[in-house]
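Please treat every number below as a calculation from the coordinates, not as lab data. Note that this is a predicted model, so its numbers are computed, not measured. Glycine gets a Cβ as well: all are built from the backbone with ideal geometry, and neighbour counts include every protein chain shown.
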Amino acid sequence: MTVATGAAVATALGLGLILPPAFPYLAAITISVCALLSALLFVGWFPNAPPIKPEAQTGGSRPLAWLRLLKSPRRSAFSLIFLLQGATLGALIAVFGSYGRTSLHVSVREELVLFAPAAAAAACAVLLSGSLADRVGRIPVLGAGFLAVTVGVWGLSASTDTGAVVLLATLTAVGLALAMPSASAMAMDLAQSGETATLLGWFLTMESIGHAVGPALGGALNQAGGPAPALWLAGGLAAVAAVIAIVPPVWSKTPQVGIGRRPLRTILAFSAKGGLVFSLGFPVIAVYLAWQPGSQLYGQMLTHGPRDRMEVAITFDDGPNDPWTLRIADTLDRYGVEGTFFTVGKNAESHPEIVRSLVAQGHLIGNHSYRHHKSDAVVDPGYAELWKAERAISSAAGVCPAIYRPPNGFHTPWQLHAVASHSMKTVTWDVIPRDWKDPPPDEVARRVLDSVKPGSIILLHDGKDTDEHTDRSATLNALPGIIEGLRAKGYQIVRLDRLLSVPGYLESCGQSK
């Protein structure tokens, strides 16, 4: 058992820490699974130790007969917890160095110093976990520990503030320090009612499988979309482990060590339930934050220019849309205004002549994804939509936008990571008159003039998603009132790249940097 488990752990950590970033992680997963399936079969051939309870001994020495021990719901549930524990720890190990380098912009050495308080707190928690488990029971401590890991890891995925990172890392480390000793003690308790060596070997092999698969999956997600998706994976695995430990009644007859003190047990139970509610509600909070065009939690987004200059930019989303895009551009030209058109790649493929005309007139072209589907920012860690739109725009007009706007402002951490890795800027807005609902033109103008501030980025629409020939007459007819009103207030209307003092286009549409 020791040899098999040691080989499994060595395989996991070796693949998670030693493999170069360019190594195909699908191959790493395959190697890990093959090695650990061998370890699993190896464990089954070890002789059984005499059970502590003789009546639990059952006859037969058929191959794999030990699998009958897993008929117990508690043992099966605990096997899954051990697997999730190993995978969670492995995923965190895989993302450790990259998190400091890409999210905190520090070296590995600086990251180790930054997380030193978390390590010290974890050491103290290990010393206290046994006493706490004796007082309130191992399952409550186990579940509460995994809940702390869930909250801490998911918080780390969305935070770059140093102080917040230290607190969240400490919460994560303390959670692991509480959960892992309790898991080991539970393994001993559950093994006392059957073939001890075989059950322990099974539990540790399940954990070792997690140690191998966790770094491989975490590394693959980290390579594709940065640390955030790998941290979301680790937090999700910990949340599932917490739910298994806290919710089902499979632990009702699990032996306890010592007699619990009712006040402490009650406090921990309420804390665990509160943490469980928060962890289950976190996806809802995460989606809410993804809809906020001004939120900086998932990565840097520019919402306005300098507030000390009387300059604003007018931008248009969802084009090109025949004939409205060129009619809007002609109106801008009559007033001597250069606008910014955030172009959908699929629309650019349908109307390349419109994109070329916009560039020739001096307007700026921005990237607004290829299909205008928000789901692509969720399901694709590498966010291939971005570069697909770049290629479509480049093919249409020979330019590669350096500014990106997420469809409807919906964004995820890995999406923003993909944008930054291409040396591009994510830009949203701070003035939105909701012209897509076709209010009267004078109402559109009034909303803009009432909300505008120095440095404002105004969002209008020349199209609608990838729909053809959407009527944008309300926007077109509102433009004269908007332009004249802004100038009457003393504003100068400039192109978005000049407002933000950033490049408008990339030098080439090559690979990401």
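Below, the figures for the structure above:
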{"quantity": "Net charge dipole size for region 311-500 [Lys, Arg +1 and Asp, Glu -1 on Cβ; Debye, nearest 20]", "calculated": "440 debye"}
{"quantity": "Fully extended contour minus Cα-Cα distance, from SER350 to ARG434, at 0.36 nm per residue", "calculated": "27.7 nm"}
{"quantity": "11 Å cut-off, amide nitrogen to a point 7 angstrom out along ARG309 Cα→Cβ, residues in region 441-463", "calculated": "455"}
{"quantity": "Three-way shape call for region 464-513 based on the alpha-carbon gyration tensor, with the a/c threshold at 1.5", "calculated": "oblate"}
{"quantity": "Kirkwood-Stokes translational diffusion coefficient of region 324-480, alpha-carbon pairs, 20 °C, 1.002 mPa s, µm²/s", "calculated": "133 µm²/s"}
{"quantity": "Using θ = phi - 60° and Karplus 6.51 cos²θ - 1.76 cosθ + 1.60, couplings along region 295-309 (whole Hz; Gly, Pro as x)", "calculated": "5, 10, 5, 8, x, 6, 9, 8, 10, 6, x, x, 8, 9, 10"}
{"quantity": "For VAL431, distant residues with modelled amide H under 5 Å away", "calculated": "ILE457, LEU459"}
{"quantity": "Residues TRP324, TRP429, TRP291, sorted so that the one with the fewest Cβ neighbours within 10 Å comes first", "calculated": "TRP291, TRP429, TRP324"}
{"quantity": "For ILE403, distant residues with modelled amide H under 5 Å away", "calculated": "ASN367, LYS425"}
{"quantity": "Too-long pairs where the Cα-Cα distance tops 25 Å, listed order kept, from LYS464/LYS489; LYS388/LYS425; LYS388/LYS437; LYS425/LYS453; LYS425/LYS464; LYS346/LYS437", "calculated": "LYS464/LYS489; LYS388/LYS437"}
{"quantity": "Sequence of CYS509, CYS400, CYS34 once ranked by neighbouring C-beta atoms within 10 Å, starting from the fewest", "calculated": "CYS34, CYS509, CYS400"}
{"quantity": "Gap separating the Cα centres of region 330-397 and region 95-158, nearest whole Å", "calculated": "43 Å"}
{"quantity": "FRET efficiency, ALA123 to LEU297 (Cβ-Cβ, R0 30 Å, nearest 0.05)", "calculated": "0.50"}
{"quantity": "Furthest towards positive pole of dipole, PRO406, ALA392, PRO454, structure part region 311-500, Cβ charges", "calculated": "PRO454"}
{"quantity": "Relative packing of 147-159, 351-363, which averages over residues the other C-beta atoms within 10 Å, highest first", "calculated": "147-159, 351-363"}
{"quantity": "Gain upon complete extension [SER395, ASP333; 0.36 nm per residue less C-alpha separation]", "calculated": "19.8 nm"}
{"quantity": "Using a Förster distance of 56 Å, the FRET efficiency for SER423-SER76 (Cβ separation, nearest 0.05)", "calculated": "0.65"}
{"quantity": "Long-range HN-HN contacts of ASP322 with modeled amide H, under 5 Å", "calculated": "HIS469"}
{"quantity": "Cβ-based charge dipole, region 311-500, positive-most Cα from SER423, ALA360, PRO480", "calculated": "SER423"}
{"quantity": "Cβ-derived FRET efficiency at R0 56 Å, MET188 paired with GLU507, nearest 0.05", "calculated": "0.35"}
